[in-house]
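Below is one structure, written out as structure tokens; comments come after it.
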Amino acid sequence: MMHHMLLSSGHFPIYRTEPLVFDLLLPRFGDLRKASVRRKLMRYWVRSRQFRRSGLDAREITEKVLRSVRSGGDFLRVVMGEIARTGGYQRWAGWGPDNLLYIPEIERQISEALFIHVVRDGRDVALALDRKQFIRPFPWDRNSRLFVSALHWMWKVQTGRRYAGVLGPDYLEVHFEDLVLNPSETLEKVGAFIGQTLDYEKIRKTEIGAVRRPNTSFTEELEAHNFSPVGRWKNLLSEDQIRRLEGLAGEFLVELGYPLSHPQRASLGFRLRAMQSLYPAFYNLKEWLKIATPMGRFVNMNRLHLNEVEDNGSNNSGALSVTYSAQKS
């Protein structure tokens with residue numbers, strides 16, 4: 001939602017998809033200092049949703065990438081810079097929850113980047129992820145997907161916050177709940193951070209993407225006109241599920257400013273304690289294999305939506321944990 005609010009403000013070019021540079025393109029294609037790698041990358045990229053939604057000319061952007069790009073940061077600057085230039089904008093903004101895992105590399109390659117991290121209550125995140133079955137548990141944990149989803153959320157947000165410790169004034173953390181319940185005040189804070197006036201009334205009138213129709217796992221709420229994304233877990237989770245979730249992630253929830261409904265943490269039992277150790281280690285191993293070994297060449301490219309016909313629909317900008325990088329003015 002934050003990204004679509006920025007796009008609705010009128011200060012940024014409308015690019016309604018994730019760039020996927022650091023989490024997909026670089027692991028998959030490799031060292032962009034090599035001309036052969038850049039040529040291969042562009043053969044795929046001009047067939048992707050990322051290209052189709054850019055509005056750029058395939059030959060022109062390919063020539064610019066082949067001539068100017070030597071890193072993922074260069075690629076993002078060239079592509080997003082061209083999108084901004086052709087639309088008459090001075091700045092650009094990109095988004096993606098997995099950017100949290102690449103903050104050091106993004107900061108190194110795009111030193112002028114600003115980062116906005118939207119944090120959401122992990123109990124609502126786990127509920128939404130479980131509903132859509134986004135997070136894949138091990139086969140023996142199929143009946144514990146809710147708790148695996150909470151562990152994935154905690155691992156990713158903790159990783160991003162740890163990396164963000166080196167960013168200083170270039171990092172801002174806001175709560176999703178504040179965006180929903182106090183949008184004007186929260187956008188004023190974001191605007192001060194990026195040096196841009198964010199007029200909530202103008203954003204409401206422009207209504208791009210999730211500002212107009214929220215991206216949600218609970219579409220029945222939209223249809224019934226009772227959409228309420230804050231604190232949904234209080235009504236949809238059982239007391240036992242809440243106790244166990246707070247047993248898993250309670251300390252971190254409190255650290256983020258979310259009060260617990262059960263201050264006395266429940267005993268997790270052997271299975272949840274084992275999951276608490278196993279899954280973060282597994283996620284760290286997967287990331288290491290992807291970025292530090294040739295295994296990255298096997299990254300799934302489904303998110304590029306190669307050769308698909310666009311329906312002009314909005315992308316999924318779920319509020320798990322989103323990092324935005326916007327050029328400093």
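The values are calculated or read from the model by the stated rules, or taken from the named source; none is laboratory data. Just so we're clear, the structure is a prediction, and the values are computed from it rather than from any experiment. Methodologically, a virtual Cβ is constructed for each residue, glycine included, from the backbone with ideal geometry; neighbour enumeration extends over all protein chains shown. Surface areas here come from the heavy atoms of the whole protein model, side chains and all, with no ligands, DNA or RNA. Shrake-Rupley method; radii C 1.70, N 1.55, O 1.52, S 1.80 Å.
Here are the numbers for this structure:
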| item | result |
| --- | --- |
| Proximal lysines to LYS40, defined as alpha-carbon separation beneath 17 angstrom and excluding residues fewer than eight positions away on the same chain | LYS64 |
| Contact order normalised by residue count of the chain, Cα under 8 Å, 6+ apart, percent | 33 |
| Long-range Cα-Cα pairs in segment 1-82 (distance over 17 Å), rounded percent | 45 |
| Reachable lysines from LYS205, criterion Cα separation under 22 angstrom, eight or more residues apart if same chain | LYS189 |
| Accessible surface of segment 1-58, 1.4 Å probe, proportion on carbon and sulfur as whole % | 47 |
| Area projected by the alpha carbon convex hull of segment 91-190, averaged over all directions, nm² | 7.6 |
| Translational diffusion coefficient (Stokes-Einstein; Kirkwood radius from C-alpha pairs) of segment 1-140 at 10 °C, 1.306 mPa s, in µm²/s | 96 |
| For the chain, radius of gyration divided by Kirkwood radius, i.e. Rg to Rh on alpha-carbons | 0.96 |
| Candidate lysines - alpha carbon under 19 Å from LYS234, same-chain residues fewer than 8 apart omitted | LYS132 |
| Loop GluC sites (Glu not before Pro), segment 86-195, which have at most 15 other Cβ atoms in a 10 Å radius of their Cβ (DSSP) | GLU112 |
| Portion, in percent, of the accessible area of segment 194-257 that falls on carbon or sulfur, probe 1.4 Å | 42 |
| Reciprocal mean inverse distance between Cα atoms of segment 251-296 - Kirkwood radius, Å | 13.2 |
| Loop trypsin sites (Lys or Arg not before Pro), segment 149-238 (other Cβ atoms within 10 Å of the site Cβ: 12 or fewer; DSSP) | ARG212 |
| Accessible area (Å², per residue) of segment 64-158, counting only protein heavy atoms and a probe of 1.4 Å | 38 |
